[in-house]
1. What do you reckon, is A:GLY96 out of contact with any Gly (no Cβ under 9 Å at 6 or more places or on another chain) and either within 16 Å of DNA strand D (Cβ to nearest atom) or more than 15 Å from B:TRP15 (Cβ to Cβ) (or both)?
2. It is to be established whether one or more residues within the stretch A:140-148 are over 14 Å from B:PRO9 (Cα atoms), assigned to a helix (DSSP H, G or I), away from chain B (no Cβ under 14 Å) and touching a Lys or Arg at 6+ places or on another chain (Cβ under 7 Å).
3. For the stretch B:51-86, how many residues are away from DNA strand D (no atom under 13 Å from the Cβ) and touching a strand residue (DSSP E or B) at 6+ places or on another chain (Cβ under 6 Å)?
4. Being modelled with pLDDT of 95 or more, closer than 30 Å to A:THR123 by Cβ and surrounded by 12 or more Cβ atoms within 10 Å (Cβ to Cβ) narrows it down to one of B:THR123, B:THR100, B:THR64, B:THR110, so name that one.
5. Identify all residues within the stretch A:16-43 that are small (Gly, Ala, Ser) and in contact with a Phe, Trp or Tyr (Cβ under 8 Å, 6 or more places away or on another chain); write none if there are none.
6. Please work out which one of (1) more than 18 Å from B:GLY57 (Cβ to Cβ); (2) surrounded by 14 or more Cβ atoms within 10 Å (Cβ to Cβ) is the condition B:SER131 fails and give its number.
7. It is to be established whether one or more residues within the stretch A:1-10 are within 14 Å of chain B (Cβ to nearest Cβ) and either assigned to a helix (DSSP H, G or I) or touching a His at 6+ places or on another chain (Cβ under 7 Å) (or both).
8. Of all residues in the stretch B:34-45 being at pLDDT below 95 and within 15 Å of DNA strand C (Cβ to nearest atom), which is nearest to B:PRO148 (Cα to Cα)?
Number of protein chains: 2
Amino acid sequence: MTKTAMPSPEAIKVWARLMRVSRQLIEQGEEALKDSGLPPLAWYDVLHELAEAGEGGLRPFQLTERTLFAQYNISRLLARLEADGLVEKLKVADDGRGQTIRISAKGRETRRRMWAVYGRSITELVGHKLSADELSTVSALLGRLRLPPAMD
Amino acid sequence: MTKTAMPSPEAIKVWARLMRVSRQLIEQGEEALKDSGLPPLAWYDVLHELAEAGEGGLRPFQLTERTLFAQYNISRLLARLEADGLVEKLKVADDGRGQTIRISAKGRETRRRMWAVYGRSITELVGHKLSADELSTVSALLGRLRLPPAMD
DNA sequence: AGATTATAGATGCAATTGCATCAAGCTTGA
DNA sequence: TCAAGCTTGATGCAATTGCATCTATAATCT
């Protein structure tokens, strides 16, 4: 059993700023989307993953892993997305429990419109605040905080 | 009217990692607190601000500003904290609408115990992953993403 | 095979959040 | 001074989240 020490002042500062900046980013993103009459960020996250996955789609449990949303949250979010016609649920052949989720044309379109709005927030709150070099530095260091660490 | 361009790939990467890392940090913090039978992170944030404010306490609207929680959220959170005896609501002399919130001894003790648990998560997820220099670099750059920017 | 354990996804119920709005007290300005 | 408007904080109601648990199917073990 190894003792875990309390965080250094430097670590605390990183944590505090990480919390504050991410909260801002979320808040302003949600606000911008709402002002444009678009769905909340959580929908974007899922549509984004599904769009990247392409025609093959993804299983709900894969979405759970990638987005870090809880299982029951994904389950209900997908129900709402399906009700809105943004995704389709397909039976999967080799596993009777499972299903595959595929983004629909309407889903892609919604995602595109959300990105147009949300991307602007990112530019304002992130892109315009730091140089390209600084952005690379931050993302490299944040990559090492990720679980699992990003290796680029 | 100035056009806002879409974010560069570097900005997107920073945003994506920021979101992921902060989500992890929150999730693991919440989990650690729950496992120890302690209240959720939101309580910590408020107790922390109140502890820093000292005997003078803070007005609810000041908490709203500092924590970035919505006004109605603070209102109800304070009701729960008061019900648990962690804070006291005091009438404020010069403004009949307002109140001052002051942390109680029990509140300080709860905060202390939460920090013992939460701090460990921060050490594991942040402190142990980067050197002191790297931590300083990240916090300086994140400071510039803050609104308003931190000036240190 | 049959029993046991694990995994995928859904869901009832309680707690929390978001939204809209309210009540009460301040402030301003004609 | 008093009407109009602003600020502080609370709250009813709907939507979402968290928790625990459930059903169904797969995988493993004897």
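1. So A:GLY96 passes the test.
2. No, the conditions are met nowhere in the stretch A:140-148.
3. 1
4. Of the residues listed, the single one that is modelled with pLDDT of 95 or more, closer than 30 Å to A:THR123 by Cβ and surrounded by 12 or more Cβ atoms within 10 Å (Cβ to Cβ) is B:THR64.
5. Result: A:GLY29, A:ALA32, A:ALA42.
6. Among (1) more than 18 Å from B:GLY57 (Cβ to Cβ); (2) surrounded by 14 or more Cβ atoms within 10 Å (Cβ to Cβ), B:SER131 violates only (2).
7. yes
8. Residue satisfying both the conditions and the ranking: B:LYS34.
The values are calculated or read from the model by the stated rules, or taken from the named source; none is laboratory data. None of the values given here were measured: they were computed from a predicted structure. Ideal geometry is used to build each Cβ from the backbone, glycine not excepted, and the neighbour counts take in all protein chains shown.
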